[in-house]
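Working notes, beginning with the structure itself.
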Amino acid sequence: MSVAFTREEDLEATAADLPDRPISPHANLVTPAGLAAIERELASARAAYSGAQAHGSIEADRTAMARATRDLRYWSARRANAQLVETTADGTVRFGGSVTIEREDGRTQTWAIVGEDEADPATGSVSHVSPLARALTGKRVGDEAVVAGQSVEVVAVD
C-alpha cells in the first residue's frame, strides 16, 4: 500500500500510544532544590495537560494529550513519593553534599550527590544510587574507594 493511502488518524493513534516513563524502584530522595524542580515539572505537566484539553477535541491532537498525560502521571508519582532529605555537614560523604576525589592520574573531580531526577553528570551532580555515589557514601577525607575499577581518594567533603 502506498504511503499516500495511509490515514492520518492511524499515524496519530500510533504516535499517541506512548509508554509510561519508568519509575525508579529506589527511594525517591530529594534535596530542597530537587523537590522544587519536581514541583516545577509537575506544574508544567498540569499546564500542558490543561492546554491539550483546551486546544480542542482530544481527537484533534492525540499526541499532545498522550504526552501531557504521561508526564502528568510521572511527575505526580515522583512528587507523591518524594522524600525530602535535609542534611548537615558531618564530615562524611552523604546525600545532599558534595565530594571531591583525586584519581590515580592526579585529576580531581567534584560531585554533588542528589536525587535521581536532579542528577546531571555534565554539571557535576550524580544520583545517590549511582555506582560513584554508592562507592563514596560514608567516606571521609583521606579514605580511598574504588570507582570504575580505579582507586580514588576523597580529598574534600562539603
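The values are calculated or read from the model by the stated rules, or taken from the named source; none is laboratory data. Everything numeric in this text was worked out from a predicted model, so none of it was measured. Positions of Cβ are backbone-derived with ideal geometry, glycine not excepted, and every protein chain shown enters the neighbour counts. The protein model used for the area step is the full one, side chains on, heavy atoms only, and it has no ligands, DNA or RNA in it. Shrake-Rupley method; radii C 1.70, N 1.55, O 1.52, S 1.80 Å.
Scalar couplings 3J(HN,Hα) for segment 104-119, obtained by applying the Karplus form with A = 6.51, B = -1.76, C = 1.60 to θ = phi - 60°, are 4, 7, x, 5, 10, 9, 10, 10, 8, 9, 9, x, 4, 6, 9, 5 Hz; x denotes Gly and Pro. Measuring nothing but protein heavy atoms, the accessible surface of segment 23-108 at 1.4 Å probe radius is 51 percent carbon and sulfur.
The GNM of the chain, with springs linking C-alpha atoms under 10 angstrom apart, assigns the highest mean-square fluctuation among Ile38, Ile23, Ile113 to Ile23.
Calculated FRET efficiency, Ala122 and Thr63, Cβ-Cβ r, R0 22 Å, to nearest 0.05? Intermediate results must be reported in sequence, preceding the final value.
Details: r = 29 Å, r/R0 = 1.31.
So the FRET efficiency works out to roughly 0.15.
Remark: segment 30-38, residue by residue, has Karplus-estimated 3J(HN,Hα) of 9, 7, x, 5, x, 5, 4, 5, 4 Hz, where x stands for each Gly or Pro and the curve is 6.51 cos²θ - 1.76 cosθ + 1.60 at θ = phi - 60°.
Given q = 0.14, 0.16 Å⁻¹, what are the Debye log10 I(q)/I(0) values for segment 36-113, with equal point scatterers placed on the Cα positions and solvent ignored? Debye intensities relative to I(0), on a log10 scale: -0.65, -0.72. Taking every C-alpha pair closer than 8 Å and separated by at least 6 residues, the mean separation divided by the residue count of the chain gives a relative contact order of 22 percent. Each residue, Arg134 and Ser50, gets one label point 7 Å from its Cα in the Cβ direction; the gap between the two is 4.1 nm. From the coordinates of this entry, Cα extents along the principal axes in Å is computed, and it appears in [x] 60, 31, 27; [y] 41, 34, 30; [z] 67, 37, 23 under the label [z].
Secondary-structure-derived ellipticity at 222 nm for the chain, considering helices only, amounts to -11500 deg cm²/dmol, per-run term -39500 (n - 2.57) for DSSP H runs with n ≥ 4. Computed over protein heavy atoms with a 1.4 Å probe, the accessible surface of the chain works out to 59 Å² per residue. Would you mind working out the magnitude of the charge dipole of segment 35-158 relative to its Cα centre, with +1 at each Lys and Arg C-beta and -1 at each Asp and Glu C-beta, to the nearest 20 Debye? I would put it at about 520 debye.
Taking Asp105, Asp20, Asp143 as the candidate residues, the one with maximal mean-square fluctuation in a Gaussian network model of the chain, Cα springs under 10 Å, is Asp105.
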